[in-house]
1. Where in the chain lies the longest segment free of GluC sites (Glu not before Pro) that are both loop residues by DSSP (not H, G, I, E, B) and have at most 10 other Cβ atoms within 10 Å?
2. Once amide H atoms are placed 1.01 Å from N in the peptide plane, what residues at a sequence separation of 5 or more from Gly127, or on another chain, have their amide H within under 5 Å of its amide H?
3. Taking the Cα centre of segment 225-326 as origin and charging only Cβ (+1 Lys, Arg; -1 Asp, Glu), how large is the dipole, in debye to the nearest 20?
4. If one computes the Cα centroid of segment 281-337 and of segment 86-128, what distance in Å separates the two points?
5. Using the beta-carbon distance between Phe273 and Glu329 and R0 = 45 Å, what value does 1/(1 + (r/R0)^6) give for FRET efficiency, to the nearest 0.05?
6. If I take every Cα pair under 8 Å that is 6 or more residues apart in segment 89-171, average their sequence separation and divide by the length, what percent do I get for the relative contact order?
7. Could you tell me which of the pairs Lys58/Lys137; Lys110/Lys137; Lys110/Lys323 are separated by over 31 angstrom between their Cα atoms in the structure shown?
8. Residue separation times 0.36 nm, minus the C-alpha to C-alpha distance between Thr338 and Ser93: what's the value?
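The values are calculated or read from the model by the stated rules, or taken from the named source; none is laboratory data. Computed from a prediction, not measured in an experiment: that's the story for all the values here. All Cβ positions, even for glycine, are placed from backbone atoms using ideal geometry, and neighbour counts span all protein chains on display. Note: accessible area is taken over every heavy atom of the protein model, side chains too, but ligands, DNA and RNA are not part of it. Shrake-Rupley method; radii C 1.70, N 1.55, O 1.52, S 1.80 Å.
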Amino acid sequence: MVGVKSVPSPTIPSPTISADDRSHEVDHPSSEVALFGADQPLRLDCGVDLTPFQIAYKTYGELNADRSNAVLICHALTGDQHVANVHPVTGKSGWWETLVGPGRPLDPSKYFIICSNVIGGCMGSTGPASINPATGKVWGLDFPVITIPDMVRAQAMLIDRLGIDTLFAVVGGSMGGMQVLQWTAAYPSRVYSALAIACSTRHSAQNIAFHELGRQAVMADPDWHNGAYADQGIHPHRGLAVARMAAHITYLSDAALHRKFGRRMQDRELPTFSFDADFQVESYLRYQGSSFVERFDANSYLYLTRAMDYFDIAADHGGVLAKAFAGIETRFCVVSFTSDWLFPTSESRALVHALNASSARVSFAEIETDRGHDAFLLDVPEFFDISRAFLQSAGKARGLTGKNG
């Protein structure tokens, strides 16, 4: 047809890292592994005993003589155990090197730092991408549904394996913060201090809705095959990329997106009058989606988002949040960010009020920033200062001075 311009069909590129590189880390991770046999099952909230299973983890620093300087870092939804080292799949730096490292608030010369991949993950801990020993095939959707309490029970078994009775601190943001709170509710005598960042004691209806959007994007991908894509030798990378793109928007703020991208064009001065990525923000989201699928499993994404949705500490204590922390001696620091609309400050304040009602030691900080939910992963000096001061104060009270802490 004369005078009619064809409109290119936009696509999300396939992963540049092979499926073999990603799948190798699932069962044979490039990190330490704790194996738990039939004599040590993990009792899940759904009523299933998971056995055998394994937990992949990394440690940084040295445990002191009286084992009092151990810090457990709990990772967020798309994180893993590679907190402060080069990632074995992507080759990128650790995801929390802003907080963990020499001279940082969590300095390995002072603390023995542990981070494990959560149960249900895909970087070495048992999850839907792992091999089911009963069948010799990938678990897929035969893997039992897991919860935040299940993750924490598995972590407690790891801490037992490492010979540690009490953790000096449990630290985490977002889903990691949920795990921090679950640790204090389930094992209050084992947590000396807790740093809970950008999180909540339960998932809101809005957050459940965003997660359902992501899950449906994954399941709508023809390559998902009802979760059995591993049997087909494929991966639903388009659906998972779209899920990541949608989720990533919730991690940012309107001000941050405007400051970083505005309405600027991507490598062009005029619109193409197509559905290509004309705007920089479109190109950025596509990059976030395509790079994510290089290191993450689609079924794990379904399982971990569902675990977050089910999280509700008060529901396990008669609907009264303060009862979850009754008589607790743990020292708390709760941190929120003004532009975080995924876990807004109001939810952190509700947690602080419950802790006050239970007579817990708690400090609270709302940090002014336009960087949104992801601020806890970025270079925010006020956050570092607050974290450092809290850990130093707790360390002094714990008597860590002169004990490699």
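1. On the way: sites that count: Glu269, Glu368.
With a cap of 10 other Cβ atoms within 10 Å, the longest stretch comes to 1-268.
2. Amide H neighbours of Gly127: Gly120.
3. Numbers: 11 positive and 12 negative charges, 53 e Å.
I would put it at about 260 debye.
4. Cα centroid of segment 281-337 versus Cα centroid of segment 86-128: 17 Å apart.
5. On the way: r = 65 Å, r/R0 = 1.43.
E(calc), rounded to 0.05, equals 0.10.
6. On the way: 54 pairs, mean separation 11.8, N = 83.
Once normalised by length, the contact order is 14 percent.
7. Numbers: Lys58/Lys137 27 Å; Lys110/Lys137 43 Å; Lys110/Lys323 34 Å.
The answer is Lys110/Lys137; Lys110/Lys323.
8. Values: separation 245, 0.36 × 245 = 88.20 nm, distance 2.73 nm.
Full extension of this stretch gives 85.5 nm more.
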